[in-house]
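The structure appears below as structure tokens.
The values are calculated or read from the model by the stated rules, or taken from the named source; none is laboratory data. Predicted model, so just to flag it, every value in this text is computed and none were measured. Cβ placement follows ideal geometry from the backbone for every residue including glycine, while neighbour counts extend to all protein chains displayed. Heads up: the accessible areas ignore ligands, DNA and RNA and are worked out on the full protein's heavy atoms, side chains in. Shrake-Rupley method; radii C 1.70, N 1.55, O 1.52, S 1.80 Å.
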Amino acid sequence: MMFWGAKINSLIDKGQIWRLVTSSFLHANAVHLMINCYSLNSVGPSVETISGPRRFLTVYFTSAIASSAMSYWFSRGPAVGASGAIFGLVGSLAMFTLRHRRLIVGAEEDLKRISNVIILNMVIGLLSRDIDNWGHLGGLLGGVVASWLIGPAWKYNSMSKDGQRIFTDRAPIFFIIKGNKEQR
């Protein structure tokens, strides 16, 4: 794994920054890969449906890098795996549900289930010395922050002539971009 791009702090210290990305595509063994494939298949389609493919990929890669960075800063051990990025998708789902709790029927129950998944996985991580909870936490935070920034953030706009509610996406990124264009 060292040669393929695992997160190894001493090599990152020597300038191999790319390991912060490549480590998320490597897995320690077939069981590790299968667990992450199952987890990605469990949460990924929902996040992609909600956010669209570009936002999904942005959240996924941001979470992967945030996972590796947090692991680099707080864990000396080598690390591989996509679980930090997957935690980011869970964080993204939590952010979407929290942001739209007035629009989603059963949002409070959904948030409780999401919280339970996060807590259960963190406890499992604490019980195993081979699981990098710092990476999981970094990915989770990366997903929450990325989703807060890029949305979607649906806000009721108006009613159409045929009685359909019209929503606009008011994600903060649009205001940041618009603000920068106005200042030029």
If you put +1 on each Lys and Arg Cβ and -1 on each Asp and Glu Cβ, how big is the dipole of the chain around its Cα centre, in Debye rounded to 20?
560 debye
Per 5 Å bin from zero, what fraction in whole % of the C-alpha pairs of segment 9-154 is there, up to the bin with the longest pair?
2, 11, 19, 24, 20, 13, 7, 3, 1, 0, 0
Just Leu140, Leu93, Leu103 to compare: in a GNM of the chain, with alpha carbon springs under 10 Å, which one fluctuates most?
Leu103
Pairs of lysine residues in the chain - Cα separation under 30 Å, sequence separation of 8 or more or cross-chain
4
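Given a Förster radius of 22 Å and the C-beta distance between Ser75 and Val31 as r, what FRET efficiency does 1/(1 + (r/R0)^6) yield to the nearest 0.05?
Working from the Cβ atoms, E equals 0.55.
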Per residue, how much accessible area does the chain show when a 1.4 Å probe rolls over the protein heavy atoms, in square angstrom?
62 Å²
Solvent-accessible area, 1.4 Å probe, carbon plus sulfur percent, for segment 90-184
60 percent
In what sequence, largest accessible area first, do Asp169, Asp130 appear using a 1.4 Å probe?
Asp130, Asp169
With Cα atoms, 0 to 90° folded angle of helix 133-150 axis to the chain main axis:
20 degrees
Excluding Arg54 itself, calculate the net charge of residues whose Cβ lies under 14 Å from the Cβ of Arg54, where each Lys or Arg counts +1 and each Asp or Glu counts -1.
-1
Computed lengthening from Arg165 to Val105, 0.36 nm per intervening residue step minus Cα-Cα distance
20.0 nm
Compute the length gained on full extension between Ser128 and Gln16: take 0.36 nm times their separation in residues and subtract their Cα-Cα distance, giving the result in nm to one decimal.
37.5 nm
Just how far, in whole angstrom, is segment 131-184 from segment 41-91 if you go by their alpha carbon centroids?
17 Å
Measure nothing fancy, just the Cα-based angle from helix 172-183's long axis to the longest principal axis of the chain, in degrees from 0 to 90, nearest 10.
80 degrees
Are there trypsin sites (Lys or Arg not before Pro) in segment 1-94 that DSSP puts in a loop and that have at most 10 other Cβ atoms within 10 Å, and which ones?
Lys14, Arg76
Given H placed on each backbone N at 1.01 Å, which residues far from Arg170 in sequence or on other chains put an amide H within less than 5 Å of it?
Ala153, Trp154, Lys155
Under a Cβ-Cβ cut-off of 15 Å, what is the net charge of the residues other than Arg165 that fall near it, where Lys and Arg count +1 and Asp and Glu count -1?
+2
